[in-house]
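**Q** Let me give you the structure first, and then I'll get to my questions.
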Amino acid sequence: MPTFRSAIASKLPLVKTTIFTRMGQLAQKHQAINLSQGFPNFEPDPELIALVTKAMNQGYNQYAPMAGLLALREIIAKKIEALHGQSYDPETEITVTVGATQAIFTIITAFISPMDEVILFKPAYDCYEPAIRLNGGILVGVQLKKDDCTVDWDEFRAKITPRTKMVIINTPHNPSGTILSKADMIQLQESLKDTGIIVISDEVYEHIIFDGQQHESASRYHDLAQRTFVCSSFGKTFHITGWKLGYCVAPAELMREFRKTHQFNVFSVDHAAQKAMADYLKTPQHYLDLPKFYEQKRNLFVSGLSGSRFTVRPCSGSYFQLLDYSAISEENDMEFAERLVKEHKIASIPLSGFNTEDKTQKLVRFCFAKTTETLEKATAVLRTI
Ligand code: PMP
Ligand code: GLN
């Protein structure tokens, strides 16, 4: 076939296939235990499968309302009110999305114009940066502190300019597993006072939080909530990443603008899945039990590593564990992660996949949303390295 010569330059010249896809493919090629991309290797609750089947049989097979099934939006509002004491109007302040990824992409597209600055804490999950660039925005990175991934709020404040349009936060944090504290949220709220800056608070791991700690949702902070889109993902909460079902909430004025883009981006989201979720959420225990469930998995993974040469970083939330391999190898994190798959048959994600500005850290990320058998097998190998 003759080569098509496009006159159009790439809008994302530096972007390659995501690190999650690349490491997942390597895992398959080498038949490795896959602790790279973040997804559970066990089935969701059979009740959820029964509910979606029932919804399809009941005729939930045509377009859902643009903003989402009202029954689902209503129960999301109740959940947030009960957990965080903030009320969102289901009619005007909640929209169901194709996972958190679409919510985030749509928010950025709806609000970021060329030369607008967006402050992002690095390392960061990979979907924010391309969306900012596609919309002509300027990325302003603030590196988290190397030793404990906390925020230097003075540095953050120094990066705010009259061009700053948006700030993106993520708690519990992917990839470090750290969480923002109440003091952090107050710092953020105070720093943004008297500005028109919009916040995206990526809270997809809101229910995966350990050791009795409280998830500090942006929705708990009244002034902060006025400028914030809180994004969440049922995929993460209910072991159904393949359903791609999530939502975002924000004050009506912001949500009105969001929906202008959302309606032409996806129009609406899988109807039967929304009906199933609306019914499933009637039992709060389904998400209230999650911290214990994943805390056991974290503990199993971490205790399985005792006696190994890896150093375990503290993990307060999410289903990711960072391990420091500096006692094992001088290789950079990509080289180390590749060798781990090829020689030891364990797939992980190198930290630099979340941080193009800093490739010096000797850290790799492991997903522990896996069965006991998988975690035991993986840690038995990791102990030998
Ligand atoms: N934000 C973070 C921090 C994530 O780890 C992920 C991956 N699930 C997403 C957003 C995207 O969520 P979803 O799968 O619901 O699109
Ligand atoms: N959130 C998942 C992770 O961090 C990846 C999802 C994806 O591949 N886009 O591993």
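**Q** Could you grab me the full set of residues in segment 130-171 that are touching a strand residue (DSSP E or B) at 6+ places or on another chain (Cβ under 8 Å) and without any contact (Cβ under 8 Å) to a residue 24 or more places away in the chain?
**A** First pass over segment 130-171, keeping only residues touching a strand residue (DSSP E or B) at 6+ places or on another chain (Cβ under 8 Å): 132-133, 137-144, 151-152, 155-156, 159-161, 163-171.
Listed by number, the residues that qualify are 139, 142, 152, 155.
**Q** Please specify each residue of segment 103-142 satisfying the condition of being of a type in the set (D, E, K, R), part of a loop (DSSP other than H, G, I, E, B) and within 15 Å of ligand 2 (Cβ to nearest atom).
**A** First pass over segment 103-142, keeping only residues of a type in the set (D, E, K, R): 116-117, 122, 126, 129, 133.
Cutting the leftovers down to part of a loop (DSSP other than H, G, I, E, B) gives us 116, 126.
Answer for segment 103-142, where residues must be of a type in the set (D, E, K, R), part of a loop (DSSP other than H, G, I, E, B) and within 15 Å of ligand 2 (Cβ to nearest atom): just 126.
**Q** Criterion first (over 18 Å from residue 105 (Cα atoms) and at pLDDT 95 or above) does residue 216 satisfy it?
**A** Numbers: over 18 Å from residue 105 (Cα atoms): yes; at pLDDT 95 or above: yes.
Here the answer is yes, as residue 216 does meet what is asked.
**Q** Taking the condition of being more than 13 Å from ligand 1 (Cβ to nearest atom) and without any contact (Cβ under 8 Å) to a residue 40 or more places away in the chain, how many residues in segment 181-211 meet it?
**A** The number of residues fulfilling the criteria is 18.
**Q** Need the failing condition index for residue 285 against (1) within 16 Å of ligand 2 (Cβ to nearest atom); (2) more than 22 Å from residue 100 (Cα to Cα); (3) not small (Gly, Ala, Ser), just the number.
**A** In the conditions (1) within 16 Å of ligand 2 (Cβ to nearest atom); (2) more than 22 Å from residue 100 (Cα to Cα); (3) not small (Gly, Ala, Ser), residue 285 misses (1) alone.
**Q** Do you know which residues across segment 157-216 are polar (S, T, N, Q), over 15 Å from residue 142 (Cβ atoms), more than 16 Å from ligand 2 (Cβ to nearest atom) and part of a loop (DSSP other than H, G, I, E, B)?
**A** Scanning segment 157-216 gives 181, 195, 213, 214.
**Q** Turning to a different aspect of this structure: Show me the helices (runs of 4 or more DSSP H) entirely contained within segment 221-291 in which 3 or more residues are among the charged types (D, E, K, R) and modelled with pLDDT of 95 or more.
**A** Details: elements: 222-225, 234-237, 252-265, 271-280, 285-288.
Output list reads 252-265.
**Q** Within segment 359-382, does at least one residue satisfy the condition of being over 15 Å from residue 20 (Cβ atoms) and touching a Cys at 6+ places or on another chain (Cβ under 9 Å)?
**A** Start the filter on segment 359-382 by keeping residues that are over 15 Å from residue 20 (Cβ atoms), which leaves 359-363, 368, 370-382.
Narrowing further to those that are touching a Cys at 6+ places or on another chain (Cβ under 9 Å): 368.
Yes: segment 359-382 contains one or more residues that are over 15 Å from residue 20 (Cβ atoms) and touching a Cys at 6+ places or on another chain (Cβ under 9 Å).
**Q** Based on this model, can you work out whether residue 82 counts as assigned by TED's automatic domain parsing to the domain that holds residue 203, over 21 Å from residue 265 (Cα atoms) and not charged (D, E, K, R)? I'd like the intermediate steps shown before the answer.
**A** On the way: assigned by TED's automatic domain parsing to the domain that holds residue 203: yes; over 21 Å from residue 265 (Cα atoms): yes; not charged (D, E, K, R): yes.
Yes: the conditions hold for residue 82.
**Q** Could you check how many residues of segment 292-316 are out of contact with any Ser or Thr (no Cβ under 7 Å at 6 or more places or on another chain), of a type outside the set (Phe, Trp, Tyr), assigned to a helix (DSSP H, G or I) and buried (at least 16 other Cβ atoms within 10 Å of the Cβ)?
**A** Residues meeting the conditions: 4.
The values are calculated or read from the model by the stated rules, or taken from the named source; none is laboratory data. Fair warning: this is a prediction, and the values are worked out from it, not measured in the lab. All Cβ positions, glycine included, derive from the backbone under ideal geometry; neighbour counts span all protein chains shown.
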